[in-house]
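Comments concern the structure below.
Taken together, the values in this text are just the output of simple stated rules run on the coordinates, not laboratory data. Note that the coordinates shown come from a computational prediction; the quantities given were computed from them, not determined experimentally.
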Amino acid sequence: MSKKLFVSQMAMVFVALQAGLGLAMNPDTGPGCGLGKVAWAEFKHPKNIVPQLLMSTTNNTILPWQAFGISSGTMGCTNDGVVWAEHKATMFASLNFENLSQDMARGQGEHLTALATLMGVPAEQQPAFFALTQEKYAMLIQAGETSPAAMIRALNDAMASHAVLAKAGASR
């Protein structure tokens, strides 16, 4: 029995040394964020293996706290918005397609204003955006057969070739 205990302890030491070497090469590795990071952040040396194991265990065994923190931008997690920025207009269009289609046909409305904001069109350029959507309505909506994602792609293309709105697209 003591031989099994010794072998287990040696295996744990080997794993700890390997993890320690990995941490020494890249001191920013670890559990990153989440409840575990918050709970164990005041540890004297939070980059050591023991607090990182405690952080990771807390994040992954109680509830999916790290995933919650990442998706909500809380518990020490941040979201730079890269993925969200690319898809927020499509998500909005999917949820509001009928109202958005009506606003585009009229060249005005709260849904169209919200879409312009989500697409990064500055307030002073929104009248040009509204006029573009009304002018290109048939191409953007294609008689009700266009998906929200296809409509957003077509709108991005139309904005890219518009003299004023191309500048707004470059800043997105």
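A few notes on this one:
- Shape call, region 82-170: gyration tensor on alpha carbons, a/c limit 1.5: rounded
- Gyration tensor (Cα) of region 126-166, equivalent ellipsoid semi-axes in angstrom: 18, 11, 7
- Applying 0.36 nm per residue to the separation of Asn48 and Ala150 and subtracting their alpha-carbon distance, the gain on full extension is 31.8 nm.
- Net length gained if the chain between Ala123 and Lys167 were fully extended (0.36 nm per residue, minus Cα distance): 14.5 nm
- Using θ = phi - 60° in the Karplus curve 6.51 cos²θ - 1.76 cosθ + 1.60, the 3J(HN,Hα) couplings for region 112-120 round to 5, 4, 4, 4, 4, 5, 4, 8, x Hz; x is entered for Gly and Pro.
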